[in-house]
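In what follows, a single structure is set out as structure tokens and then discussed.
The values are calculated or read from the model by the stated rules, or taken from the named source; none is laboratory data. Only a predicted model underlies this, so the values are computations on that prediction, with no experimental measurement involved. Neighbour counts run over all protein chains shown; Cβ positions are idealised from the backbone, glycine included.
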Amino acid sequence: MRNWLKSIRGEHVAFTGKAWLARAELQRIVRRRGGTPTAGAVTRDTTVLVRGDSSTWAFGEYGTKERHAARLISKGASISLVHDSEF
């Protein structure tokens with residue numbers, strides 16, 4: 001697991017929750033910086049999950065995408081979880 005994410009160049013980035021910018025704008029930022037925004041779901045290709053806020057998380061304090069990311073990580077995937085305020 002990575003402790004620090006220095007760049008999103010080459011990363012596959014997914015978003016969950018409501019962020020400080022519209023999702024389309026965040027995806028444009030990812031593309032401009034050399035990353036690939038995912039089509040919505042967390043997949044085996046996802047390397048970064050950006051977590052916004054939500055008042056309706058599916059599992060109390062986290063959502064479906066984070067649950068799926070945790071399952072992938074337990075199987076050896078390297079996915080960094082980044083809060084949207086740090087993104």
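Observations
- Boolean, residue 56 is part of a loop (DSSP other than H, G, I, E, B) and at pLDDT 95 or above: no
- Checked across segment 54-71, the condition of being within 14 Å of residue 87 (Cβ to Cβ) and under 13 Å from the mean Cα position of the chain (by Cα) holds for no residue.
- Of all residues in segment 37-53 being assigned to a loop (DSSP other than H, G, I, E, B) and among the aliphatic types (A, V, I, L, M), the one that is surrounded by the most Cβ atoms within 10 Å (Cβ to Cβ): 42
- Pairs with Cβ under 6 Å, 6+ apart, first in segment 7-23 and under 23 Å from residue 57 (Cα atoms), second crowded, with 19+ Cβ neighbours inside 10 Å and of a type in the set (Phe, Trp, Tyr): 23/15
- Scanning segment 9-36 for residues that are among the charged types (D, E, K, R) and under 19 Å from residue 68 (Cα atoms), we see that the one that is surrounded by the fewest Cβ atoms within 10 Å (Cβ to Cβ) is 18.
- Looking only at segment 59-87, residues that are without any contact (Cβ under 8 Å) to a residue 40 or more places away in the chain, part of a loop (DSSP other than H, G, I, E, B) and surrounded by 11 or more Cβ atoms within 10 Å (Cβ to Cβ) come to 3 in all.
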